[in-house]
Amino acid sequence: MVFPMRYIKPLMDVIVTLLLWGYFTLGFVLLFAPRYAAATLRRADREAAFQRLNCLFFQRFFRLLRLITPGVTLNIRDEVRTIRSSIIICNHLSYLDPILLISLFEKQKTIVKNVFFKVPVFGWILRQSGYIPSQAGDDYASLMINNVENIREYLASGGNLFIFPEGTRSRTGRLGPFNKGAFSIARYCRAPIQCLMIRNTNRLFVPGRFRLNTRMTVAIEVERIGVFDPDYGDPAFRLAALIREIRSLYERRLAEG
């Protein structure tokens, strides 16, 4: 009896998906839980140790992804990996986007929805890593008041803070409205803004679906499309104008395909 071909692809998608999500559970318990436990003893650089472990954990996730899905390739431009001491903004297509960015930077922070800090173990790792809970409405007002000095020092030490200004995944591939929070933080910290573009993560992990679309040929790309380092102290500086300019850049690049 020949197994119908129309069933093979969905079955393979389920198997690969279960293997990858299994890495998140068994891989964490067997390979990384002892390392995280040891990192809690490092009082002087606990936060940095957790961030390095997060980076390594997700690097191995994508290594496994490429191993068991030969049609998937990662194309990360060299200039992306060298970014330091910056506010990084990026378009948002898939749940894979934040873990991909974590895998690229050894020193990284991001802003995470409050609800995730309540998840057992995961929320503990978020707190130990120094990740920042978002505020109601995603306006970041309280965040800037309470954390701006810490963020400024963190950036000065070579760390990156990455933020998705759309606030949520795009289900159409089109650019959603920008929250001004990322740009306000950059202004308060007098930090450069690095603009990244992610492509095709939504083809691999389609929003609204459990299983990954693994039986296909797809290149996941991350490139830097612009750098903005305005004179925030200039009386003529306007945050709204900066946001419009950066959004226009993203819209042009998306239109180019």
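Read the figures in this text as sums done on the coordinates, not as results from a lab. Given the structure is predicted, the values throughout are model-derived calculations rather than measurements. For neighbour counting, all protein chains shown are included, and Cβ atoms are generated from backbone atoms with ideal geometry for every residue, glycine included.
Residue ranges 24-36, 49-61 sort as 49-61, 24-36 when ordered by packing (mean number of other C-beta atoms within 10 Å per residue, highest first). Each residue of the stretch 191-199 is assigned a 3J(HN,Hα), and the resulting list reads 10, x, 10, 9, 9, 10, 10, 9, 10 Hz, derived from the Karplus form 6.51 cos²θ - 1.76 cosθ + 1.60 (θ = phi - 60°), x at Gly and Pro.
Between ARG60 and SER157, what is 0.36 nm times their sequence separation minus the Cα-Cα distance? Round to one decimal in nm. Walk me through the numbers before you get to the answer.
Details: separation 97, 0.36 × 97 = 34.92 nm, distance 2.57 nm.
Full extension from ARG60 to SER157 adds 32.3 nm.
When the chain is fully extended, how far beyond the present Cα-Cα distance does LEU175 get from ARG42, taking 0.36 nm per residue of separation?
On the way: separation 133, 0.36 × 133 = 47.88 nm, distance 4.12 nm.
Here the answer is 43.8 nm.
Each residue of the stretch 73-86 was assigned a 3J(HN,Hα) from its phi angle through the Karplus expression (A = 6.51, B = -1.76, C = 1.60, θ = phi - 60°), giving 10, 10, 10, 9, 5, 4, 5, 5, 5, 8, 5, 9, 6, 9 Hz with x at Gly and Pro.
Please list, in order, the residues from the stretch 103-125 whose amide nitrogen is less than 11 Å from a point placed 7 Å along the Cα→Cβ vector of GLU149. So the set is empty, nothing qualifies. All Cα-Cα distances of the chain, cut into 5 Å bins from zero to the largest, leave 1, 5, 12, 16, 18, 17, 13, 8, 4, 2, 1, 1, 0, 0, 0, 0 percent in each bin in turn. Have a look at the DSSP beta bridges in the stretch 5-256 and tell me what percent are antiparallel, nearest 5. If we restrict to bridges inside the stretch 5-256, about 30 percent are antiparallel.
Could you quote the convex hull projected area for the stretch 81-233, Cα atoms only and averaged over all directions, in nm²?
On the way: hull surface 39.1 nm².
Computing the convex hull of the Cα atoms and averaging its projections yields 9.8 nm².
Between ILE151, ILE193, ILE246, the GNM of the chain built on Cα springs shorter than 10 angstrom shows ILE246 fluctuating the most. Could you work out which residue, out of GLY167, GLY208, GLY22, moves most in a Gaussian network model of the chain, that is, has the largest mean-square fluctuation with Cα springs under 10 Å? Of GLY167, GLY208, GLY22, the Gaussian network model singles out GLY208 as fluctuating most.
First measure r as the distance between the Cβ atoms of VAL119 and ILE15, then evaluate 1/(1 + (r/R0)^6) with R0 = 25 Å and state the FRET efficiency to the nearest 0.05. Efficiency at R0 = 25 Å is approximately 0.45.
At a 10 angstrom cut-off on C-beta neighbours, averaged per residue, how do the peptides 231-243, 195-207, 211-223 rank from highest to lowest?
Details: 231-243: 11.0, 195-207: 18.8, 211-223: 17.3.
Ranking the peptides 231-243, 195-207, 211-223 by packing returns 195-207, 211-223, 231-243.
If you count Lys pairs in the stretch 5-256 whose Cα atoms are under 24 Å apart, skipping same-chain pairs closer than 8 places in sequence, the total is 5. The ranking of ASP97, ASP229 by Cβ neighbour count inside 10 Å, starting from the fewest, reads ASP229, ASP97. Computed 3J(HN,Hα) for the stretch 24-35, one whole-Hz value per residue from the Karplus formula 6.51 cos²θ - 1.76 cosθ + 1.60 where θ = phi - 60°, is 5, 9, 5, x, 5, 5, 7, 9, 10, 4, x, 5, glycine and proline marked x. Proximity of backbone amide H atoms, modeled 1.01 Å from N, is registered between VAL112 and ILE132, SER134 at under 5 Å, excluding neighbours fewer than 5 places apart on the same chain.
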